[in-house]
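The values are calculated or read from the model by the stated rules, or taken from the named source; none is laboratory data. What you see is a predicted model, and the numbers here were worked out from it, not measured in a lab. Here the Cβ positions follow ideal geometry from the backbone for every residue, glycine too, while neighbour counts run over all protein chains shown. Quick note on the areas: whole protein, heavy atoms, side chains included, nothing else; ligands and nucleic acids left out. Shrake-Rupley method; radii C 1.70, N 1.55, O 1.52, S 1.80 Å.
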Amino acid sequence: MTTDTDTTRSLYDRAGGTPFFEALVGRFYDGVADDPQLRPIYPEADLAGARHRLTLFLIQYWGGPTTYDQERGHPRLRMRHAPFAIGPLERDRWLVHMRAAVAEEAPPADVAAELERYFAMAAEAMRNRG
């Protein structure tokens, strides 16, 4: 018998697989699109691409298919984010939208806690200003 707190299964599986991550990233980018402080970081011409890449990255990171690696290679997150000015404000606004997306998707509590730890760490790691 498995339960939602069964940590032997990947977070990808416990969260609900690809549909969960597609919905999570969709909600996140809905927030970004309306955020005057954060939106300038995301070039309009690549907003759909950014959605696609983040979805694939999170799916792979949390134990799902490795499509991200097949399409993009190693994530190299710091390098890929280096061209964008990411300071404390941008980090905090990113977290506001990601935390709201997680809350709206309402995954099991253990999944939400793991996502929160990762997103807080990752958002700080991407900071390259101030």
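Full extension of the chain between Ala122 and Leu77 gives 15.3 nm of extra length, using 0.36 nm per residue less the Cα-Cα distance. Computed extension length for Ala33-Thr67: 9.7 nm, one decimal, from 0.36 nm per residue of separation with the Cα-Cα distance subtracted.
Using a probe of 1.4 angstrom and keeping all protein chains present, the accessible surface of the chain works out to 54 square angstrom per residue. Between helix 47-61 and the chain there is an angle of about 40 degrees, using the helix long axis and the longest principal axis of the Cα atoms. Computed 3J(HN,Hα) for segment 31-39, one whole-Hz value per residue from the Karplus formula 6.51 cos²θ - 1.76 cosθ + 1.60 where θ = phi - 60°, is x, 4, 4, 9, 9, x, 7, 8, 4, glycine and proline marked x. Note on the chain: with a GNM built from Cα contacts shorter than 10 Å, the maximum mean-square fluctuation among His74, His52, His97 falls on His74. Element breakdown for the chain at a 1.4 angstrom probe: carbon and sulfur atoms account for 56% of the accessible area.
Of the residues Ala109, Tyr61, Ala85, the one whose Cα sits farthest towards the positive end of the charge dipole of segment 59-113 is Ala85 (charges of +1 on Lys and Arg Cβ, -1 on Asp and Glu Cβ, taken about the Cα centre).
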